[in-house]
Amino acid sequence: MIKLRAPEQTDIDQLFTWENDHSLYDAPLSRYQIWQYIENYRADPFATRELRMMISDEDNTVGHIDLFEFSPSDRRAGVGIYIDPLHRRKSIGTRALLQLEQYVITTLGMHQLWAYVAIDNTASISLFTKTGYRSVGRLRSWIRRGSQYADVLIFQKLFT
């Protein structure tokens, strides 16, 4: 059983660890920056054009799932997901993504979600494929990793 919820002050240390994972992000964040983000967080994607939800199981916060580039007029948004390495391969990402989809369909009236996935991120490719997303394109040299560049696949799921 998992649930999606808004970020809370008790999430600061966990978010600090995740947001400073140098294999994923180039720009580190301080605890103060994360505290400010949570303190000023508004769970209103129509106003902020984004939405972050923490993923919790029965005992722990195990990841987060985000909407970004939310377009109310086009009823679409990008989706990103992060699952703590200790909690991967337990279908948490699948359940969280499907819960988010139900929320965006029933509450936000969304038409579609899309995602950029690094070409070598086999776990995310598998997640989006098995939840009904289609690979609709490839962007070459799209993300920088140190002095190298990697391609990304574009995944899309239409709801109506």
In debye to the nearest 20, the charge dipole size for the range 62-142, taken about the Cα centre with +1 at each Lys and Arg Cβ and -1 at each Asp and Glu Cβ, equals 300
Bridge orientation stat for the chain from DSSP, antiparallel percent rounded to 5, came to 90
Summing -39500 (n - 2.57) over every DSSP H run of at least 4 in the chain, dividing by its residue total and rounding to the nearest 500, the 222 nm mean residue ellipticity is -8000 deg cm²/dmol
Relative contact order as a percentage, the range 1-157, C-alpha pairs under 8 Å and 6+ apart, gives 17
Among (i) 21.5, 69; (ii) 14.7, 45; (iii) 15.5, 43, the entry matching Rg and Dmax of the Cα atoms in Å as calculated here is (iii)
Distance in nm between D57 and R145 label points, each 7 Å along Cα→Cβ, equals 2.7
Low-density loop trypsin sites (Lys or Arg not before Pro), the range 1-60, at most 15 other Cβ within 10 Å, DSSP non-H/G/I/E/B, are R42, R49
For the pair Y41 and A123, the simple spin-label estimate (label points 7 Å beyond Cα toward Cβ) gives in nm 2.1
The range 47-62 scanned against label point 7 Å out from A6 along Cα→C-beta; backbone N under 16 Å for 47-55
Net charge (Lys, Arg +1; Asp, Glu -1) of residues whose beta-carbon lies under 12 Å from that of G132, G132 excluded, is +2
Per its Cα gyration tensor (rounded if a/c is under 1.5, else prolate when a/b beats b/c, else oblate), the range 79-160 is best filed as oblate
Scoring only Lys, Arg, Asp and Glu (+1, +1, -1, -1) among other residues with Cβ under 10 Å from the Cβ of M53 yields +2
Once the in-chain neighbours fewer than 8 apart are removed, the lysines whose Cα is under 16 Å from K90 read K3, K130
Among trypsin sites (Lys or Arg not before Pro) in the range 90-160, those in a DSSP loop whose Cβ has at most 13 other Cβ atoms within 10 Å are K90
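Throughout, read-outs are computed from the coordinates displayed, never taken from laboratory work. Source: prediction; values computed, not measured. Ideal geometry is used to build each Cβ from the backbone, glycine not excepted, and the neighbour counts take in all protein chains shown.
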